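Below: one structure, written as structure tokens.
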Amino acid sequence: MSGVSVEDRGGARWITLDRPDCRNALDPDVLGALRAGVDGAVPAGARAIVIVGRSGAFCSGADLRYAIAQGPELIASVETHLAHFQDLVRAIVSSPLPTIAAVDGAAYGFGCDLALACDLRVATSRAYFQEGFVRIGLIPDGGGTWMLPHLVGLSKALELTLLGEKLDAASALHFGLVAKVVAPDELDAAVIAMADKLVNGPPLAIGHIKRLVRSGLSKSFDEAFRDEGAAQTECLRSQDCIEGITGFFQKRPAVFTGR
């Protein structure tokens, strides 16, 4: 058993981590199940992806029990193991679907990077984010050194990575790391409401927005402006644009199909 369940409901794919014995830590089986869940979302017809951790934690990072059990064998193949973690982040970031991390409790180590890889984050009041790698002589390896400066600024990113300290939910909201903070028993309802907006939105436009915002971080203004124009031309020629405008004038919700 991987400790990962996948459920398609309401147009969104919910990928749930539930390993209460280790606060949803990640071993190769869990990584594989997460990756399969993300990769299979588009073929399944989902319009959004939600990654959620149960049992009072989002994800505590790599399962150190597995690492200890592997011993020297893990060190010998460390590049391969690291690639599995990084490939999961790449799959989330490059997915054409918008992604939401539903964070309750600890998002620690790679678990923090897993949450950062998602497009949107909703946290409970008891959630916290912690790049604790430095505490065991390591560095963030799930894209944290790139994502954090873009999300919270250089100074705060250095503080979080060099000192390995916690960022609580209220502070995460202050720095724009999360979109919303709710009570623990309100998390599912808040995420469902957010996912519904994405699911019922125009898939073509949403996919372009995600791609352009993310790629724009490494482009010049002229390059980003050019790519916006190309994407907007495609959107303007779509049936979704016609439907959106028609719905606006008819004062009804538009029904988008992605065409």
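Which residue out of Asp188, Asp196 is closer than 19 Å to Glu7 by Cβ and surrounded by fewer than 16 Cβ atoms within 10 Å (Cβ to Cβ)?
Selected residue: Asp196, the only one of Asp188, Asp196 that is closer than 19 Å to Glu7 by Cβ and surrounded by fewer than 16 Cβ atoms within 10 Å (Cβ to Cβ).
From Leu177, Leu204, which residue is open to solvent by less than 70 Å² (accessible area, probe 1.4 Å), modelled with pLDDT of 95 or more, assigned to a helix (DSSP H, G or I) and in contact with a helix residue (DSSP H, G or I) (Cβ under 6 Å, 6 or more places away or on another chain)?
Answer to the check: Leu204.
Would you point out the residue of the range 236-252, among those that are open to solvent by 100 Å² or more (accessible area, probe 1.4 Å) and in a helix (DSSP H, G or I), that is nearest to Ala205 (Cα to Cα)? So that I can check it myself, show each step before the final result.
To start, the set of residues in the range 236-252 that are open to solvent by 100 Å² or more (accessible area, probe 1.4 Å) comprises 236-237, 239, 248-251.
From the residues that got through so far, the ones that are in a helix (DSSP H, G or I) too are 236, 239, 248-249.
Values: Leu236: 10, Gln239: 11, Phe248: 16, Phe249: 20 Å.
Here the answer is Leu236.
Got a number for residues in the range 92-101 being open to solvent by less than 10 Å² (accessible area, probe 1.4 Å), farther than 19 Å from Phe175 by Cβ and hydrophobic (A, V, I, L, M, F, W, C)?
Here the count works out to 1.
Quick test for you: out of Ala230, Ala205, Ala195, pick the one residue that is farther than 17 Å from Cys118 by Cα and under 25 Å from the mean Cα position of the chain (by Cα).
Of the residues listed, the single one that is farther than 17 Å from Cys118 by Cα and under 25 Å from the mean Cα position of the chain (by Cα) is Ala205.
Show the residue pairs that are 6+ apart or on different chains and have beta-carbon atoms under 8 Å apart, the first residue being within the range 81-97 and free of Cβ contacts under 8 Å to residues at least 40 places away in the same chain and in a helix (DSSP H, G or I), the second being crowded, with 20+ Cβ neighbours inside 10 Å and among the β-branched types (Val, Ile, Thr).
As it stands, the answer is none, since no pair meets every condition given.
To keep it simple, each residue is scored yes or no on (1) of a type outside the set (A, V, I, L, M); (2) modelled with pLDDT of 95 or more.
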{"residue": "Ser2", "(1), (2)": "yes, no"}
{"residue": "Ser5", "(1), (2)": "yes, yes"}
{"residue": "Trp14", "(1), (2)": "yes, yes"}
{"residue": "Val52", "(1), (2)": "no, yes"}
{"residue": "Leu64", "(1), (2)": "no, no"}
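Taking the conditions exactly as written (acidic (Asp, Glu) and under 30 Å from Gly105 (Cβ atoms)), does Asp185 satisfy them or not?
Yes: the conditions hold for Asp185.
Taking into account only those residues within the range 112-152 that are surrounded by fewer than 23 Cβ atoms within 10 Å (Cβ to Cβ) and of a type in the set (Lys, Arg), which is modelled with the highest pLDDT?
Among those that are surrounded by fewer than 23 Cβ atoms within 10 Å (Cβ to Cβ) and of a type in the set (Lys, Arg), it is Arg126.
Return yes when Ser155 is of a type in the set (Ser, Thr, Tyr), part of a helix (DSSP H, G or I) and more than 19 Å from the chain's Cα centre (by Cα) and no when it is not.
yes
Restricting to the range 27-51, name every residue that is part of a loop (DSSP other than H, G, I, E, B), open to solvent by 40 Å² or more (accessible area, probe 1.4 Å) and among the small types (Gly, Ala, Ser).
Result: Ala44, Gly45.
Select from the range 1-26 the residues that are out of contact with any strand residue (DSSP E or B) (no Cβ under 6 Å at 6 or more places or on another chain) and open to solvent by 40 Å² or more (accessible area, probe 1.4 Å) and list them in ascending order.
Listed by number, the residues that qualify are Met1, Asp8, Arg9, Gly10, Asp18, Pro20, Asp21.
Return yes or no: is Asp222 touching a Phe, Trp or Tyr at 6+ places or on another chain (Cβ under 7 Å), open to solvent by 40 Å² or more (accessible area, probe 1.4 Å) and not basic (Lys, Arg)?
Numbers: touching a Phe, Trp or Tyr at 6+ places or on another chain (Cβ under 7 Å): no; open to solvent by 40 Å² or more (accessible area, probe 1.4 Å): yes; not basic (Lys, Arg): yes.
Spelling it out, it is not the case that Asp222 is touching a Phe, Trp or Tyr at 6+ places or on another chain (Cβ under 7 Å), open to solvent by 40 Å² or more (accessible area, probe 1.4 Å) and not basic (Lys, Arg).
Would you mind stating whether Gly61 is under 15 Å from the mean Cα position of the chain (by Cα), open to solvent by less than 30 Å² (accessible area, probe 1.4 Å), at positive phi and not basic (Lys, Arg)?
yes
What are the pairs with Cβ atoms under 6 angstrom where one residue, in the range 197-222, is under 15 Å from Arg47 (Cα atoms) and the other, located anywhere, is modelled with pLDDT under 95 and not in a helix (DSSP H, G or I)? Sequence gap at least six, or different chains.
Pro203/Gly258; Leu204/Gly258
The values are calculated or read from the model by the stated rules, or taken from the named source; none is laboratory data. These numbers come from a predicted model, not from an experiment. Here Cβ is always computed from backbone atoms with ideal geometry, including for glycine, and neighbour counts include all displayed protein chains. Heads up: the accessible areas ignore ligands, DNA and RNA and are worked out on the full protein's heavy atoms, side chains in. Shrake-Rupley method; radii C 1.70, N 1.55, O 1.52, S 1.80 Å.
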